[in-house]
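Down below is the structure, laid out as structure tokens.
The values are calculated or read from the model by the stated rules, or taken from the named source; none is laboratory data. Small disclaimer: the values here were computed from a predicted structure and weren't measured. Using ideal geometry, Cβ is built from the backbone for each residue, glycine included, and neighbour counts are taken over all protein chains shown.
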């Protein structure tokens, strides 16, 4: 898939450098810690769900936003994580904290396995492959219903999900802080990754596959492992989902969930890892309000938001906030913002190396010669 | 043997629906180079519309015909309003926009007609023949005939008419097509309009089998995708063969691999096959390979 | 005939391109091109549009698999390498229409040039393992030094997109240099440069060859630049070599003059 270069930054951290951004991060962090002690346990539960969806959106930001591989099937990894926790906790008596590495590992392996055929597919073909995965997941769950509970589902006993004694927290608050901790850890890991050599390769592949090959990047390795890590993130979110909701069923992971994750990531900002937090909040709270008006309003708003954002603000809410902060910062300090923060610029060239493209059309799903294993 | 033939025949009559929706996708792909994720939902809303007209007293065939005509206008309007502004964007944006269209269409269908399952009147009279122990319903035969006719017409359109040639020029090189006097925008509008018409047929013929509800085409969409991918995105023949192959494989898997795949997973078999094929022949079975180096 | 065979067998050089054939759906982009370049020589590659110059670049950099022929660098068979292994063999290139990572900063672009000679992987990056961090800092310093050398220091944090074409050409050169290549392939590097800048760029190439002992393969339409810096010039037309020699020799070549004036038949 070739992604146009317009209005796209890799500003991995929009909150870096400027004191205003640091201040905003501080306020947000404080709020994140204080809120569960102020709000009702139901709202705390909702916030936990928002954090979990933020993790799912982060997995999309990494794979689709940063690496350029379209992901329409992450609901399946989310579901696999969810069932891993459900089955291990309910049927095998595991502590739910211990199920998370298992869910992550399973999803990593499945992600790499799906990432391998994905290497040869791009654009719409990859979208259809991943969509098929999302479509098949509930059917697999139904097929093995003696194991999974099928569409009637599987309830996890509440006492198995209690907060550990040492935490001194209520169950809801513990789940909230667990989700918060996991999100923060994954954000830091992703930020570190993207700032380093491999991160430059991940984004480089999105920007220009041919140039990526010529600097020596082995596309199959980087793409499949990125796919695996992204799947593992989604899987961990799924584990937390089960911990928080204590119920799984095949109907809880429909195709729409996968599409919603992608939409959440786009709305929050595909090219900014912190956009996923906004994406998570949108995915949890928007349906709460729209659903009460009409059952189909959510889908309508998602669809409309998707189109409008892609047309008007491809960087999503994160880019909008970044711009606003820059504006305020300029007013306050009277200085121009650092050039490194610029996210909007004229494309270098609409076709990176058009006259020498290895394969011509975008509709051709074949990867460039160099990306297939020797 | 009779059992086997019966399974194949049943598979074909499911497959033609995939083929029909696949044909609509091929049309849009040839007109605009876009894979339309909203195709299934557009077919669903068309089926609801036809159902509504029928409820208001129009005979079902007339209702379908009227919907097809209105669908043409609606398809062209969607191209104009939603697709045209993003036509020059990258593939990711295009996919996402059709996904947005998918969600909006689905929501509008639900908003207007609700989520109660409706019975769609069968446009074909109930009748069946038995040939060598294999039963053939009139509906199946009729649907097959319609798909063949539509496929044939599209083939003629692409290869024998100025419009089809213009479409081909418009997608392969919009700039020089424009310079040689082809109205690219009009080609694309007509493409979307025609696709909506074909989609209307797909929706109306699928609805009696699937039960009419806003999400009815979601499965069909996935299989139709698989059909056009295996057949080649630009090939009407490929869409038909692909659709039939998927229908038959699905049915045979359900019949002979039941113990293993069960009723829920039988569709996984053709999907797995499709992606297997795609790994070997990325351009599909009938698609032309894009020529390297422009 | 024996003489021709002997010449082929005995052909030596640092970069050896031997009888390379590339076809695209029946069209021969390269039709048996052969030549050799010695260590630390600058070889100009000229020819009309469509002569096969860029195709040849794509073969040497592993992006095209030729239908026939051999390419070797210091005796190593380049065609046996996967496309991403060519960088490690010591080959770096630039692209006619730029092959940059548009969203990344100029500094990051240059650092990516050093990708093949660095190690940090996924885990090292995510966990900021000391080795990865140290390596990252080292490459960053090197890249900054290259940017200074090319007069690009002030653009280090600017995204590649949005900079003028001529500047980006230099960024791309910087990225290629960061690879520590033995063979540097430049595809129309003077494109987008002003007259004065072309002369300056010629000086730069000579200086780089001198200090880094680089072998350079240079595709360029700017005849003044090619003839000014090249030790040897190879002229291609219709995928075949039509002339080879010193700039002075090539300038006198009738075939070449005919190819450029369009009278060749």
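Determine whether residue A:318 is facing chain B (nearest Cβ under 8 Å) and touching a helix residue (DSSP H, G or I) at 6+ places or on another chain (Cβ under 8 Å). Even if it seems obvious, please write down each step before you answer.
Details: facing chain B (nearest Cβ under 8 Å): no; touching a helix residue (DSSP H, G or I) at 6+ places or on another chain (Cβ under 8 Å): yes.
Against the criterion (facing chain B (nearest Cβ under 8 Å) and touching a helix residue (DSSP H, G or I) at 6+ places or on another chain (Cβ under 8 Å)), residue A:318 does not qualify.
Only a single item in (1) at pLDDT 85 or above; (2) closer than 30 Å to residue A:257 by Cβ is not met by residue B:89, and it is number (1). Going through (1) surrounded by fewer than 23 Cβ atoms within 10 Å (Cβ to Cβ); (2) at the interface with chain A (Cβ under 8 Å from one of its Cβ atoms); (3) more than 30 Å from residue C:224 (Cβ to Cβ); (4) in contact (Cβ under 8 Å) with a residue 60 or more places away in the chain one by one, residue C:96 falls short only on (3). Please verify whether residue C:138 is out of contact with any helix residue (DSSP H, G or I) (no Cβ under 9 Å at 6 or more places or on another chain), free of Cβ contacts under 8 Å to residues at least 40 places away in the same chain and surrounded by fewer than 24 Cβ atoms within 10 Å (Cβ to Cβ), treating the condition exactly as stated. Criteria met by residue C:138.
Are any of the residues in the stretch B:28-40 away from chain A (no Cβ under 14 Å) and surrounded by 24 or more Cβ atoms within 10 Å (Cβ to Cβ)? Before the answer, list the steps.
Just the residues of the stretch B:28-40 that are away from chain A (no Cβ under 14 Å), to begin with: none.
No, every residue in the stretch B:28-40 fails to be away from chain A (no Cβ under 14 Å) and surrounded by 24 or more Cβ atoms within 10 Å (Cβ to Cβ).
Here is the figure for the stretch B:165-183: residues that are part of a helix (DSSP H, G or I) and either touching a residue at least 60 places away in the same chain (Cβ under 8 Å) or exposed (fewer than 13 other Cβ atoms within 10 Å of the Cβ) (or both) total 7. Of the residues making up the stretch C:73-82, not a single one is under 20 Å from residue C:139 (Cβ atoms) and either surrounded by fewer than 24 Cβ atoms within 10 Å (Cβ to Cβ) or assigned by TED's automatic domain parsing to the domain that holds residue C:217 (or both). Of the residues that make up the stretch A:53-66, is at least one more than 14 Å from residue A:236 (Cβ to Cβ) and surrounded by fewer than 24 Cβ atoms within 10 Å (Cβ to Cβ)? Among the residues of the stretch A:53-66, not one is more than 14 Å from residue A:236 (Cβ to Cβ) and surrounded by fewer than 24 Cβ atoms within 10 Å (Cβ to Cβ), which makes the answer no.
Being closer than 25 Å to residue C:19 by Cβ, within 16 Å of the chain's Cα centre (by Cα) and not assigned by TED's automatic domain parsing to the domain that holds residue C:106 is the requirement here; does residue C:254 meet it? First the steps, then the outcome.
On the way: closer than 25 Å to residue C:19 by Cβ: yes; within 16 Å of the chain's Cα centre (by Cα): no; not assigned by TED's automatic domain parsing to the domain that holds residue C:106: yes.
For residue C:254, the condition - closer than 25 Å to residue C:19 by Cβ, within 16 Å of the chain's Cα centre (by Cα) and not assigned by TED's automatic domain parsing to the domain that holds residue C:106 - is not met.
Condition test on residue A:290, is it in a helix (DSSP H, G or I), modelled with pLDDT under 95 and touching a helix residue (DSSP H, G or I) at 6+ places or on another chain (Cβ under 7 Å)?
Details: in a helix (DSSP H, G or I): yes; modelled with pLDDT under 95: yes; touching a helix residue (DSSP H, G or I) at 6+ places or on another chain (Cβ under 7 Å): yes.
Considered against the rule, which asks whether it is in a helix (DSSP H, G or I), modelled with pLDDT under 95 and touching a helix residue (DSSP H, G or I) at 6+ places or on another chain (Cβ under 7 Å), residue A:290 comes out as yes.
Is there a residue being within 8 Å of chain A (Cβ to nearest Cβ) and either at pLDDT below 90 or crowded, with 20+ Cβ neighbours inside 10 Å (or both) anywhere in the stretch B:113-120? Yes.
Each row is one residue, and each column tells you yes or no for (1) in contact with a strand residue (DSSP E or B) (Cβ under 9 Å, 6 or more places away or on another chain); (2) under 30 Å from residue A:302 (Cβ atoms).
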{"position": "B:98", "(1), (2)": "no, yes"}
{"position": "B:113", "(1), (2)": "yes, yes"}
{"position": "B:116", "(1), (2)": "no, yes"}
{"position": "B:121", "(1), (2)": "no, no"}
{"position": "B:124", "(1), (2)": "yes, no"}
{"position": "B:140", "(1), (2)": "yes, no"}
{"position": "B:150", "(1), (2)": "no, no"}
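Within the set C:128, C:137, the sole residue that is outside the structural domain of residue C:226 (by TED's automatic domain parsing) and in a helix (DSSP H, G or I) turns out to be C:137.
If you scan the stretch A:209-218, which residues turn out to be part of a helix (DSSP H, G or I), out of contact with any strand residue (DSSP E or B) (no Cβ under 7 Å at 6 or more places or on another chain) and within 7 Å of chain C (Cβ to nearest Cβ)? Passing the criteria: A:210, A:211, A:213.
Residues that are surrounded by fewer than 20 Cβ atoms within 10 Å (Cβ to Cβ) and under 22 Å from residue B:211 (Cβ atoms) within the stretch B:46-67 comprise B:52, B:53, B:55, B:56, B:58, B:59, B:60, B:61, listed in sequence order. The requirement of being within 10 Å of another protein chain (Cβ to nearest Cβ) and surrounded by fewer than 19 Cβ atoms within 10 Å (Cβ to Cβ) is fulfilled nowhere in the stretch A:122-133; no residue meets it. Does the stretch A:66-75 contain any residue that is over 20 Å from residue B:93 (Cα atoms) and under 17 Å from the mean Cα position of the chain (by Cα)? Checking the stretch A:66-75: at least one residue is over 20 Å from residue B:93 (Cα atoms) and under 17 Å from the mean Cα position of the chain (by Cα). Can you find a residue that is surrounded by 21 or more Cβ atoms within 10 Å (Cβ to Cβ), in a strand (DSSP E or B) and in the same structural domain as residue C:53 (by TED's automatic domain parsing) anywhere in the stretch C:187-197? Looking for residues that are surrounded by 21 or more Cβ atoms within 10 Å (Cβ to Cβ), in a strand (DSSP E or B) and in the same structural domain as residue C:53 (by TED's automatic domain parsing), one finds at least one in the stretch C:187-197, hence yes.
Only one residue in A:149, A:168, A:199 is at pLDDT below 95 and either facing another protein chain (nearest Cβ under 8 Å) or crowded, with 20+ Cβ neighbours inside 10 Å (or both). Which one? Break it down into steps so the answer makes sense when it comes.
Numbers: A:168 fails: either facing another protein chain (nearest Cβ under 8 Å) or crowded, with 20+ Cβ neighbours inside 10 Å (or both); A:199 fails: at pLDDT below 95.
After applying the criteria, what remains is A:149.
Among residues of the stretch B:249-286 being in a loop (DSSP other than H, G, I, E, B) and under 15 Å from residue A:120 (Cβ atoms), the one that is modelled with the highest pLDDT is B:281. Mind checking whether some residue in the stretch B:214-237 is within 12 Å of chain A (Cβ to nearest Cβ), surrounded by fewer than 20 Cβ atoms within 10 Å (Cβ to Cβ), part of a loop (DSSP other than H, G, I, E, B) and modelled with pLDDT of 80 or more? Scanning the stretch B:214-237, I find at least one residue that is within 12 Å of chain A (Cβ to nearest Cβ), surrounded by fewer than 20 Cβ atoms within 10 Å (Cβ to Cβ), part of a loop (DSSP other than H, G, I, E, B) and modelled with pLDDT of 80 or more, so the answer is yes.
Can you tell me which residue among B:92, B:102 is within 30 Å of residue A:66 (Cβ to Cβ), in contact with a helix residue (DSSP H, G or I) (Cβ under 6 Å, 6 or more places away or on another chain), crowded, with 17+ Cβ neighbours inside 10 Å and within 14 Å of another protein chain (Cβ to nearest Cβ)?
On the way: B:92 fails: in contact with a helix residue (DSSP H, G or I) (Cβ under 6 Å, 6 or more places away or on another chain).
Within the list B:92, B:102, the selection yields B:102.
Residue-level analysis places residue A:273 among those that are at pLDDT 85 or above, within 25 Å of residue A:45 (Cα to Cα) and not in a helix (DSSP H, G or I). With respect to (1) part of a helix (DSSP H, G or I); (2) under 24 Å from residue A:104 (Cα atoms); (3) within 12 Å of chain B (Cβ to nearest Cβ), the lone exception for residue A:264 is condition (3). Checked against the criterion of being away from every other protein chain (no Cβ under 14 Å), at pLDDT 90 or above and assigned to a helix (DSSP H, G or I), the candidates A:259, A:278 yield just one match: A:278. When residue B:203 is tested against (1) modelled with pLDDT of 85 or more; (2) over 12 Å from the mean Cα position of the chain (by Cα), exactly one condition is not met: (2).
Under the condition of being part of a helix (DSSP H, G or I), more than 23 Å from the chain's Cα centre (by Cα) and surrounded by fewer than 24 Cβ atoms within 10 Å (Cβ to Cβ), which residue from the stretch C:99-125 is nearest to the other protein chains (Cβ to nearest Cβ)?
To start, the set of residues in the stretch C:99-125 that are part of a helix (DSSP H, G or I) comprises C:106-113, C:115-117, C:122-125.
Among the residues that remain, those that are also more than 23 Å from the chain's Cα centre (by Cα) are: C:122-125.
Now narrow it down to the ones that are surrounded by fewer than 24 Cβ atoms within 10 Å (Cβ to Cβ): C:122-124.
On the way: C:122: 5, C:123: 9, C:124: 7 Å.
My answer is C:122.
May I ask you to say which residue of A:80, A:139, A:129 is assigned to a helix (DSSP H, G or I), over 30 Å from residue A:281 (Cβ atoms) and in contact with a helix residue (DSSP H, G or I) (Cβ under 8 Å, 6 or more places away or on another chain)? Don't jump to the end; show me each part of the working.
Working: A:80 fails: over 30 Å from residue A:281 (Cβ atoms); A:129 fails: over 30 Å from residue A:281 (Cβ atoms).
Testing whether each residue is assigned to a helix (DSSP H, G or I), over 30 Å from residue A:281 (Cβ atoms) and in contact with a helix residue (DSSP H, G or I) (Cβ under 8 Å, 6 or more places away or on another chain) leaves just A:139.
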